[in-house]
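A.B. asks: Structure provided below as structure tokens; questions to follow.
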Amino acid sequence: MAELLIPSAQQLIDGEWAAARDAGELRVADPATGQTVQTVACAGRADVDDAVQAARRAFPGWAATSASERGRLLRRWSELIGEHVEDLARFEARDVGKPLSGGRMNIFITQGIIDYFAGAADKLTGVTLPTRTPDYLGYTLQEPYGVCAVIIPWNVPAVLTAANVAPALAAGNTVVLKPSEVAPLAPFALAELARRAGFPPGVLNVLAGVGADAGAALTSHPGVNHISFVGSTTTGRAIMRAAADNLVPVKLELGGKSPNVLFADADLDVAIPAIVGSITENAGQNCYAGSRLLVEASIRDEVVERVAESMRAVRIGPWDADLDMGPLVNEAQYRRVLGFLESAPAEGARLVTGGGPERRADGGWFVQPSLFDGVDPRSRLSREEVFGPVLAVQEFSGARQAVEMMNDTDFGLLACIWTSDVSRALRLAQEVRSGQVSVNQFADAGVIGFPFNMQRDSGFSRGGGYAAMREYTQEKAVAVRLLDRSSVE
Ligand code: NAD
């Protein structure tokens, strides 16, 4: 099998690889070394316009393509991904800095998402509605919007490409995808495989570019009919403002400050590795990262000690060493995380382990997994998304206080409850203000099509699962009066 390569300094519009109109380039660096590993085109406004026009031209044909055929092409795309798992895993790992096995896992998740929507494509239906008499018929149609703009961040580029592009295409939309300028390689590689799978030109267009330039041009383009944005809460607000001018619907998946809530009756042997994994996987650069640990007072000392021990054992290295944790993605992210490590003690938190850069002979943006105890609920570390391997511990007494502390955040992405008391877990799941809840595990392992829901400053979306198909459709209601009785008399 020939290695999957991305053409240098190019982008994929209307089924063709080409340079940006002004020949601009983005350098993509390995976060472990800072060395450039690839260049891609840096799209500007004219490129965005080209991509939107290509998607507009492709839309009528794609929307008219049978849903089964759309599903078949998605399935073929997934098969090609299966043939290039290692190539894709390298793109995903090298781009973000995560260990190769983490990149590989992301590609399997990517493939699973595309498979899911391949199967769902021809199962999207409307409903028939009750009528007052048999003289009427009422029903709904689920119709694609048209051109969907999809803008994603750098932390899990392959997975987020699949999670947004696959349901949009399955539902009959065409797509202009703008991956992050920081990590565009896996999205471009996936787009090349979609091209090989046989998606018609213009159905999926991919261009990278700087957010304030290409991203802003895309969200304000009058040819765009729907915007999906995954990224920071701050940028999400800018996206909504841009969408208001053209009155375009927006799907937002933003930041998080997710709590792990640990009761004294929890199985600590299961919980502690999962809690440490939830803040060190991808170096803590996950929207749902378990960045707050709320622990019942009676087990606090033991838990803090065990979590610290487990964090100290995390093996750190570049993506190709394939250890437990890689560097942060770039210097900006590194400086941001160091800022939190410096401000936390000043705001009263006690540093237990880590707390600074992980210095290595070969450079790179490495920081230590860091644990702070006694974190003030009003401090930055407690309230703001760090997006790094930094865990804030707070103590609670009793379930009532646990609920209050879980909800003491502007975000509402994921809450994880660790207890052997099932009734308590289910009651907490009712009371927490969060789009997702998991019990005795971190996140949604083992559940197929789990909705990736958000609330409050984490956004509003029904990503993941069947509901995502509906996100990418608009509903039309049809009412019919059957006038001609004589036809059956
Ligand atoms: P970001 O908001 O800086 O950028 C995200 C994307 O938006 C990039 O492609 C960027 O180029 C683009 N962009 C930036 N400014 C823009 C503008 N004015 N108009 C249009 N596009 C613009 O986020 P980031 O630093 O790349 O990623 C980290 C953030 O993503 C974190 O907050 C994390 O929680 C969030 N995230 C959320 C989810 C989720 O599903 N909720 C998943 C992954 C990451």
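Read the figures in this text as sums done on the coordinates, not as results from a lab. A quick note: this is a predicted structure, and the numbers were derived from the prediction, not measured. Note that each Cβ is placed from the backbone with ideal geometry, even for glycine, and that neighbours are counted across all protein chains shown.
A.B. asks: First select every other residue whose beta carbon is under 10 angstrom from the beta carbon of Arg21; then total the charges, Lys and Arg +1, Asp and Glu -1.
C.D. replies: That works out to -3.
A.B. asks: What order do you get for Glu302, Glu395 when you list them from fewest to most C-beta neighbours inside 10 Å?
C.D. replies: By the 10 Å Cβ count, ascending: Glu302, Glu395.
A.B. asks: In nm, give the distance between the simple-model label positions of Leu351 and Arg400, each being 7 Å from the Cα along the Cα-to-Cβ direction.
C.D. replies: 3.8 nm
A.B. asks: Right, another one. Ranked by Cβ crowding within 10 angstrom, fewest neighbours first, how are Glu384, Glu143, Glu404 ordered? Intermediate values should be presented prior to the final figure.
C.D. replies: Details: Glu384 18, Glu143 15, Glu404 12.
The order, fewest Cβ neighbours first, is Glu404, Glu143, Glu384.
A.B. asks: Per 5 Å bin from zero, what fraction in whole % of the C-alpha pairs of the range 338-468 is there, up to the bin with the longest pair?
C.D. replies: 2, 9, 16, 18, 17, 16, 12, 7, 3, 1, 0
A.B. asks: For the range 17-77, what log10 I(q)/I(0) values come out of the Debye formula at q = 0.17 1/Å, with one point per alpha carbon and no solvent?
C.D. replies: Normalising to I(0) and taking log10 leaves -0.80.
A.B. asks: How far, in degrees from 0 to 90, does helix 85-96 lean away from the longest principal axis of the Cα atoms of the chain, to the nearest 10?
C.D. replies: 60 degrees
A.B. asks: Here's something else I'd like to know. Check which residues have an amide H placed less than 5 Å from Glu25's amide H, if you skip close sequence neighbours.
C.D. replies: Those lying under 5 Å, H to H, from Glu25 are Cys42.
A.B. asks: On each of the three principal axes of the Cα atoms of the range 40-176, give max minus min coordinate, whole Å, ordered largest first.
C.D. replies: Cα extents, longest axis first: 63, 35, 23 Å.
A.B. asks: List, in order, the whole-Hz ³J(HN,Hα) value for each residue of the range 340-347 obtained from phi through the Karplus relation with A = 6.51, B = -1.76, C = 1.60 and θ = phi - 60°; use x for Gly and Pro.
C.D. replies: Those phi angles translate into 5, 5, 7, 7, 4, x, 5, 9 Hz.
A.B. asks: Also, quick follow-up: On average, how much area does the Cα convex hull of the range 259-439 cover when viewed from any direction, in nm²?
C.D. replies: Projected over every direction and averaged, the Cα hull of the range 259-439 covers 9.7 nm².
A.B. asks: Oh, and also: Based on other C-beta atoms within 10 Å, arrange Asp87, Asp122 from fewest to most.
C.D. replies: Fewest-to-most Cβ neighbours within 10 Å comes out as Asp122, Asp87.
A.B. asks: Would you calculate a helix-derived [θ] at 222 nm for the chain, using -39,500 (n - 2.57) for each DSSP H run of n ≥ 4 and dividing by the full residue count, to the nearest 500?
C.D. replies: About -12000 deg cm²/dmol.
A.B. asks: Then there is this: How large is ³J(HN,Hα) for each residue in the range 35-46, as worked out from phi by the Karplus curve 6.51 cos²θ - 1.76 cosθ + 1.60 (θ = phi - 60°), to whole Hz, x for Gly and Pro?
C.D. replies: Per residue, the Karplus-derived 3J(HN,Hα) values read 7, 5, 10, 6, 10, 10, 5, 9, 6, x, 4, 5 Hz.
A.B. asks: Given the range 119-161 reduced to its alpha-carbon atoms as identical point scatterers, what log10 I(q)/I(0) does the Debye formula return at q = 0.14, 0.17, 0.33 Å⁻¹?
C.D. replies: Debye intensities relative to I(0), on a log10 scale: -0.62, -0.74, -1.09.
A.B. asks: Compute, for the chain, the length of the dipole vector about the Cα centre, with Cβ point charges of +1 (Lys, Arg) and -1 (Asp, Glu) only. Units Debye, rounded to 20.
C.D. replies: Working: 45 positive and 58 negative charges, 211 e Å.
In total the dipole reaches around 1020 debye.
A.B. asks: How long, wide and thick is the chain, going by the Cα atoms along their three principal axes, in whole angstroms, largest first?
C.D. replies: 81, 59, 43
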